[in-house]
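Single-structure report; data block below.
No value in this document is a laboratory result; all are computed from the given coordinates. Bear in mind that the values here come from a model prediction, so they are computed numbers and not experimental data. Counting neighbours? That spans all protein chains shown, and the Cβs are built from the backbone with ideal geometry, glycine included.
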Amino acid sequence: MKTVILPGGEAVPALGLGTWHMGERGADRRSEAEALRCGIDLGMTLIDTAEMYASGGSEEGGADAIRGRRDEVFLVSKVLPFNASRNGTIEACEASLSRLEVETIDLYLLHWPGSYPLEDTLAGFDDLKRAGKIRYWGVSNFDTSEMQELTAVAGGGECATNQILYNLDRRGVEFDLLPWCDARSIPVMAYSPLEQGRIAGNRALAEVAARHGVTETQVALAWVLDRDGVIAIPKASRLDHVRQNRAALDIRLTPEDRRALDAAFPAPTSKRPLEIL
Ligand code: NAP
């Protein structure tokens, strides 16, 4: 498995498992846990969840998937901005720990910038770290100016990641945010790397896929995975999708493929505001 190094020096898989919309229907809980376990078996041992997803149901489903194999998994969860006061962050994390049935969350993120001062949220993260309830903290949906604000706060330099929308069709962050994070060795987690399953349907993408004998979605994922310092977290409830996503890691895009994809999905030439789903 390709890995990405966190600022603390720890290596994590470059390909993980998303869980948004999992845990919404009790009837799907067993098959969703099976899909996550299949991903873990294939080496996609980073699981991304959040207190927001299915109002905690995604974390409960995650508990089903990792029961008995906690040590194999790098767990990521998130606090909602309106819970992110110092005490609120601690309480939200404790509720997530309970739903996940674990003692520690490996990486705990502020889901998007909110109205509590960053100092308060960071104080909560620091308390949680000292108590052994989280190992690292990071942010999500932070644009470059917000990252600058964060790193100006005492302790802000400890940020382990920024989780952002990034895929072939959403390349705005390449203009400034990705270079800014690269320069500081802060890895980025690319969410919705498959554009929520809607990336297929482009001629250039279809031609590259045909050349490699894979699907368009796999090419789109391979394109995200090709970039250093990026962790992709596609969500797949279907087992065939999980296996296809793992196989995307083995696709080697050629310079010709890259040129065709760049022409169809151009890189940004000026600053674009961060896109958010
Ligand atoms: P995504 O991963 O881009 O796409 C998920 C969709 O693609 C699902 O409908 C899935 O179908 C389908 N799919 C998966 N593998 C496929 C394949 N090989 N071929 C064709 N279709 C495939 O979208 P996402 O769920 O929005 O993003 C991924 C994860 O990022 C989320 O689950 C969540 O953990 C995280 N996220 C974070 C934020 C944030 O604000 N921080 C926002 C959005 C997402 P099946 O499920 O039916 O297999």
- Message: Let me spell out the model: positive unit charges on the Cβ of Lys and Arg, negative unit charges on the Cβ of Asp and Glu, origin at the Cα centre of the chain. What dipole size does that give, in debye rounded to 20?
- Response: 560 debye
- Task: May I ask you to order 202-208, 163-169 by the average number of other C-beta atoms within 10 Å around their residues, highest value first?
- Result: 163-169, 202-208
- For the chain, with the dipole built from +1 on Lys and Arg beta-carbon atoms and -1 on Asp and Glu ones, taken about the Cα centre, which of Ala220, Ala210, Ile164 lies farthest toward the positive end? Ala210
- Using a ≥ b ≥ c from the Cα gyration tensor of the chain (square roots of the eigenvalues), is it rounded, prolate or oblate, where a/c under 1.5 gives rounded and otherwise the larger of a/b and b/c decides, a/b for prolate? oblate
- Any chance you could check the Cα centroid distance between the range 210-248 and the range 10-39 for me, in angstrom? 15 Å
- Message: What do you get for trypsin sites (Lys or Arg not before Pro) in the range 1-34 restricted to DSSP loop and a cutoff of at most 12 other Cβ within 10 Å of the site's Cβ?
- Response: Arg25
- Candidates Asp71, Asp28, Asp257: whichever shows maximal mean-square fluctuation once the chain is modelled as a Gaussian network with Cα springs under 10 Å: Asp71
- Given the peptides 222-232, 237-247, arrange them by the average over their residues of other C-beta atoms within 10 Å, most packed first. 222-232, 237-247
- Over the chain, relative contact order from alpha-carbon pairs under 8 Å, at least 6 apart, %: 20 percent
- With +1 on each Lys and Arg Cβ and -1 on each Asp and Glu Cβ, how big is the dipole of the range 1-80 about its Cα centre, in debye rounded to the nearest 20? 100 debye
- Scoring only Lys, Arg, Asp and Glu (+1, +1, -1, -1) among other residues with Cβ under 14 Å from the Cβ of Arg259 yields -3
- Item | Listed residue (Val173, Leu261, Thr49) projecting farthest to the positive dipole end of the chain, Cβ model | Leu261
- Item | For Arg272, net neighbour charge (Lys/Arg +1, Asp/Glu -1) across residues whose Cβ lies under 13 Å away | -2
- Task: Counting other Cβ atoms within 10 Å, keep those with at most 14, restrict to DSSP loop, and tell me which GluC sites (Glu not before Pro) in the range 52-151 are left.
- Result: Glu101, Glu103
- Item | Value at 222 nm in deg cm²/dmol, rounded to 500, when DSSP H runs of n ≥ 4 in the chain each add -39,500 (n - 2.57) | -11500 deg cm²/dmol
- Of all DSSP beta bridges located in the chain, what percent are antiparallel, nearest 5? 15 percent
